[in-house]
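The values are calculated or read from the model by the stated rules, or taken from the named source; none is laboratory data. Note that this is a predicted model, so its numbers are computed, not measured. Note: ideal-geometry Cβ built from the backbone for every residue, glycine included; neighbour counts use all protein chains shown.
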Amino acid sequence: MPYTFPRSQELFERAHGSIAGGINSGIRLLEKPVPLYFERGYGSRVWDVDDNEYIDFQLGQGALLYGHAPAGLADAIAAQAKLGLHWAAQSELELDVAERLLRMVPAAELVRFNNSATEACMAAFRLARTHTGRKLILKFEGHYHGWSDEGLVGFANPPSTWNDPEPARTHPSQGIIDEVTERFVVARWNDVAHLRERVEQYAGQIAAIVCEPAMCNTCCIEPGEGMLAAIRELCDEHGMLMIADETITGFRFGAGGAQAYYGVKPDLTVFGKAIGGGTPFAALVGTKAAMAKIISGESMHAGTLNANPLCLAASRWCLDEVIAQGADHPAELNRLGQKLMTGLRELADEYAVPLRPQGPGLAFHSLMIKEGGNERVVENYRDYAELQDVPRWTHLRRCLLEEGVRAIERGLWSISLAHTEADIDEALQRAKPAFARHAAGWPEA
Ligand SMILES: Cc1ncc(COP(=O)(O)O)c(C=O)c1O
């Protein structure tokens, strides 16, 4: 029998009396039929308040690379909690974590900690502007760098802007500081010639190029041949910093992140999510040269809870876990993810559902082709926005949820180190009736 969610419904209704809109992050409203309330998780599984068990590929928006509540991580946090929650001062723990990052990440020479990747991205932008004395940051359509005024410029440019002479600087929120959007140049992902044009058009004004090395936030689109090398080359040529936002890719793509996976050395890197294993933790990492203006204090960096010992204790455990995976990581995540992608595609074909899982495996996206959509290789945000049938994916996701398979609301799936072959097999078994119900129930009456 498909799951039902009466207790989550009841709590969500109650939440409207005390929590603005009933949720604490806008995206959670996308979960249908109701934003779920959870009670406990273990390994690859999570249980909601109705005692429904899910094989979890949402994984706390990808932060739970180690699965839910690994015993070692829980012990590390508990042990630290007994020693002290917060000092707003130094501890040897921060050196333990920073020194591990230096060993693991190719472009890491110095580190600063924050509580969220949104903050670390803001710090990176400020630092790049201070470093170069220039005002503009170049970013790509479809790349997400946190929910701040700065992080979302040009993230989801509507088709009405696509004929503009240059990619627009739209922002999905009202209330932002107008000038912020003018401080960005937006470019299309995976188009080197176009990128060169954008850089030349604003020559001498751009402080940094920022990207997700693989565009995990939009259709999980990997960099095309030469894309990251071209960014590096342009940065060197034009005196700009290269900022890699590895909030999702960090430690998921291996101990050295996507920069080791794809072989590129950014000047600054942002880590979030998996660096804290579910605790609110992030890092800005850079070369000595790129971090100089933070050292001098010209680019201010601060935060009451920065380098909080609880998060550091968690992070030290997480990084040791990644190091212990050895050189094989992330091959096993890719293998399991690709098996899941193949199985989902087979189910899609069996039930004539236009789902085309896309991505490397360790993370992948549920591309759902619109009726009449011209199926093709998806290289950038515009391809995706043109092709993705959002309501249809939302319907299939709900059917999957009702059978106990949970993907990220917008369509991303992440594999954790706790997932096994048996989990993938079981997820596909559970997915079969979900596809059957989706095929029978779509389009909705
Ligand atoms: C690539 C990227 N950068 C930055 C962020 C912001 O991270 P946080 O939500 O921890 O502030 C996210 C969050 O999903 C992200 O995916």
Here are Ile176, Ile221, Ile209: which of them is away from the ligand (no atom under 14 Å from the Cβ) and within 22 Å of the chain's Cα centre (by Cα)? Ile209
Only residues that are away from the ligand (no atom under 15 Å from the Cβ) and farther than 25 Å from Ser299 by Cα: list them for segment 120-168, please. Asn157, Pro158, Pro159, Ser160, Thr161, Trp162, Asn163, Asp164, Pro165, Glu166, Pro167, Ala168
Elements of type strands (runs of 3 or more DSSP E) contained in segment 18-115, each with 1 or more residues being touching a helix residue (DSSP H, G or I) at 6+ places or on another chain (Cβ under 8 Å) and among the acidic types (Asp, Glu): 45-48
What number of residues in segment 31-60 are out of contact with any Lys or Arg (no Cβ under 7 Å at 6 or more places or on another chain), of a type outside the set (D, E, K, R) and within 16 Å of the ligand (Cβ to nearest atom)? 2
Looking at segment 248-263 only, could you name the residues that are within 14 Å of the ligand (Cβ to nearest atom) and under 14 Å from Ile323 (Cα atoms)? Gly250, Phe251, Arg252, Phe253, Gly257
Please work out if Gly257 is surrounded by 24 or more Cβ atoms within 10 Å (Cβ to Cβ), under 16 Å from the mean Cα position of the chain (by Cα) and not aliphatic (A, V, I, L, M). yes
Would a scan of segment 392-400 turn up a residue that is loosely packed, with under 15 Cβ neighbours inside 10 Å, out of contact with any Pro (no Cβ under 9 Å at 6 or more places or on another chain), over 30 Å from Val192 (Cβ atoms) and not hydroxyl-bearing (Ser, Thr, Tyr)? no
Could you tell me whether any residue of segment 6-29 is touching a Lys or Arg at 6+ places or on another chain (Cβ under 6 Å) and not assigned by TED's automatic domain parsing to the domain that holds Leu305? no
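Do we find that Cys216 is of a type outside the set (A, V, I, L, M), touching a residue at least 12 places away in the same chain (Cβ under 8 Å) and crowded, with 24+ Cβ neighbours inside 10 Å in this structure?
yes
Pick from Asp178, Asp164: which is of a type in the set (Asp, Glu) and modelled with pLDDT of 95 or more?
Asp164
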Could we say that Ala78 is without any contact (Cβ under 8 Å) to a residue 60 or more places away in the chain, more than 16 Å from the ligand (Cβ to nearest atom) and not assigned by TED's automatic domain parsing to the domain that holds Tyr42 here? yes
In the list Thr279, Thr304, which residue meets the criterion of being touching a residue at least 60 places away in the same chain (Cβ under 8 Å), within 16 Å of the ligand (Cβ to nearest atom) and of a type in the set (Ser, Thr, Tyr)? Thr279
Return the pair list, or none, for Cβ contacts closer than 7 Å from residues in segment 335-357 that are over 17 Å from Ile424 (Cβ atoms) and modelled with pLDDT of 95 or more to residues that are part of a helix (DSSP H, G or I) and among the β-branched types (Val, Ile, Thr), at least 6 apart or on different chains. none
Among the residues of segment 92-109, is any at positive phi, away from the ligand (no atom under 16 Å from the Cβ) and in the same structural domain as Asp267 (by TED's automatic domain parsing)? no
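Among the listed residues Val153, Val185, which satisfies the condition of being crowded, with 21+ Cβ neighbours inside 10 Å, part of a loop (DSSP other than H, G, I, E, B), hydrophobic (A, V, I, L, M, F, W, C) and in contact (Cβ under 8 Å) with a residue 12 or more places away in the chain?
Numbers: Val185 fails: part of a loop (DSSP other than H, G, I, E, B).
Within the list Val153, Val185, the selection yields Val153.
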